[in-house]
Amino acid sequence: MKIHEYQAQALLKEYGVPVLDGIVASTPQEASDAALTIGLPVVLKAQVHSGGRGKAGGVRVVGTADAVAGAAEAILALTIKGLPVRKVLVARAASIRAEAYLSLLIDRAVSKLVFVGCAVGGVDIEDTAQTTPEKILRLELPAARRGPASPQEYASFAAKLFAEPSLAGAVVPIMAALECLFRARDCALIEINPLAVTADNALLALDAKILLDDNALFRQPGNVALRDPDSEDPAEAEARAAGLTFIGLGGTIGCMVNGAGLAMATLDTIKHLGGEPANFLDVGGSSSPQKILGAFRIILRNPQVKVILVNIFGGITRCDDVARGMLAAMQETRIAVPLVIRLVGTNEQEGRELLAGQTLTVARTLEEAAEKAVELARNS
Ligand code: GDP
Ligand code: MN
């Protein structure tokens, strides 16, 4: 689960990481008022669930009171990576001497928590990682601990990250705080970029990105409270409310499948045949017609979808239920894109009979269904 920068900053602060206090504003007037309270110069930052705000014009340093409202208005009018900006964080602008990078994440390949650091951070960190990977430092930590970590564990990583001993010394308690926060709040990622060295030689977390583990939300009511439904992909939010698992993928073939494994296999097959799936959608085990109808609505929200592939392997899911849901969907909305269906398993015959006479392409196997869908997507 993604949270906003200002929420991440608040978590960092709670664990003792130095951050700049800010005020969140929703209007240019609120931003002006906030700047008066904070004192100039201020930095205005778009609050969206996306990185790359700096490059998109979503981060501006403003030196005069007159300019704050206009800059806030410009940022609030932006859409960054498809996400409309609704809030802007106003914080005292830091005077930066250098920008480093520090993150803590789960490395599944080694089943450990790993600190990743780089002395040259900032908006071009991806390029640095590509062109000079030797500049990226790693420190592996045990996946679980009984007691607190000892600061010694971080010392040699810290010394490689900052040649200056005072800065190396200052990053050690920051690393300890990040590890503590990560474990206590079930994070999936904490990323500070930039970890700024200020003009007076202090370290400051100028930007913070935190991902929270969705699978741990049941034991983290405090994390659930950080959810901002306004900032989430509306299709994903609607799917969650309808009990469906949905992830948008950007291609042209809408997919409706029962079971996560079969859904993955369907996406792989489409890709293998040269197509691009528009989404992952698992309608789950026992699919009522109502759920199928909901799934169609969500897939059809996306104007990029050129064909819908329905792949159902009926077990607990009954093919006639799926067929009824499809009929309801066809009645409710005129489905303007071609449909390819593969229905096998429980009540397959009944399902087919219900759908007889409808304009759709029927396939027997997954390969055949994917081939037809890819072809239809290509020709439309
Ligand atoms: P991102 O582009 O979404 O990662 O947004 P960041 O918050 O990291 O900001 C991008 C860049 O803006 C940073 O790398 C800094 O160079 C600059 N920036 C951010 N905050 C400040 C600030 O308080 N003062 C100054 N001078 N620059 C800042
Ligand atoms: Mn950043």
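The values are calculated or read from the model by the stated rules, or taken from the named source; none is laboratory data. All values derive from a computational prediction rather than experimental measurement. FYI the Cβ positions are ideal-geometry reconstructions off the backbone, even for glycines, and counts take in every protein chain you see. Please note that ligands, DNA and RNA were not included when accessible areas were found on the heavy atoms of the full protein model with its side chains. Shrake-Rupley method; radii C 1.70, N 1.55, O 1.52, S 1.80 Å.
Annotations
- Checking V59, V42, V68, V90 one by one, the residue that is closer than 23 Å to T198 by Cβ, open to solvent by 50 Å² or more (accessible area, probe 1.4 Å) and within 15 Å of ligand 1 (Cβ to nearest atom) is V59 and no other.
- Residue in region 222-232 that is open to solvent by less than 10 Å² (accessible area, probe 1.4 Å), at negative phi, of a type in the set (A, V, I, L, M) and in contact with a helix residue (DSSP H, G or I) (Cβ under 6 Å, 6 or more places away or on another chain) present: no
- Any hit, region 277-300, residues being charged (D, E, K, R), open to solvent by 10 Å² or more (accessible area, probe 1.4 Å) and without any contact (Cβ under 8 Å) to a residue 40 or more places away in the chain: yes
- Taken over region 93-124, the criterion of being farther than 20 Å from Q9 by Cα, within 11 Å of ligand 1 (Cβ to nearest atom) and outside any loop (DSSP other than H, G, I, E, B) is satisfied by R97 alone.
- Yes/no for V172 being touching a residue at least 12 places away in the same chain (Cβ under 8 Å), of a type in the set (V, I, T) and buried (at least 21 other Cβ atoms within 10 Å of the Cβ): no
Here's the yes/no breakdown for (1) out of contact with any Pro (no Cβ under 8 Å at 6 or more places or on another chain); (2) in the same structural domain as G250 (by TED's automatic domain parsing); (3) surrounded by fewer than 23 Cβ atoms within 10 Å (Cβ to Cβ):
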site	(1), (2), (3)
V307	no, yes, no
V310	yes, yes, no
I316	yes, yes, yes
A323	yes, yes, no
T333	yes, yes, yes
R352	yes, yes, yes
V362	yes, yes, yes
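- So L161, is it without any contact (Cβ under 8 Å) to a residue 60 or more places away in the chain, among the aliphatic types (A, V, I, L, M), open to solvent by less than 30 Å² (accessible area, probe 1.4 Å) and out of contact with any Lys or Arg (no Cβ under 7 Å at 6 or more places or on another chain): no
- Near pairs, Cβ below 7 angstrom, 6+ apart or cross-chain, from region 241-253 (open to solvent by 50 Å² or more (accessible area, probe 1.4 Å)) to any residue that is modelled with pLDDT under 90 and of a type in the set (K, R): none
- Matching residues in region 187-196 - criterion: being aliphatic (A, V, I, L, M) and away from ligand 2 (no atom under 15 Å from the Cβ): A188
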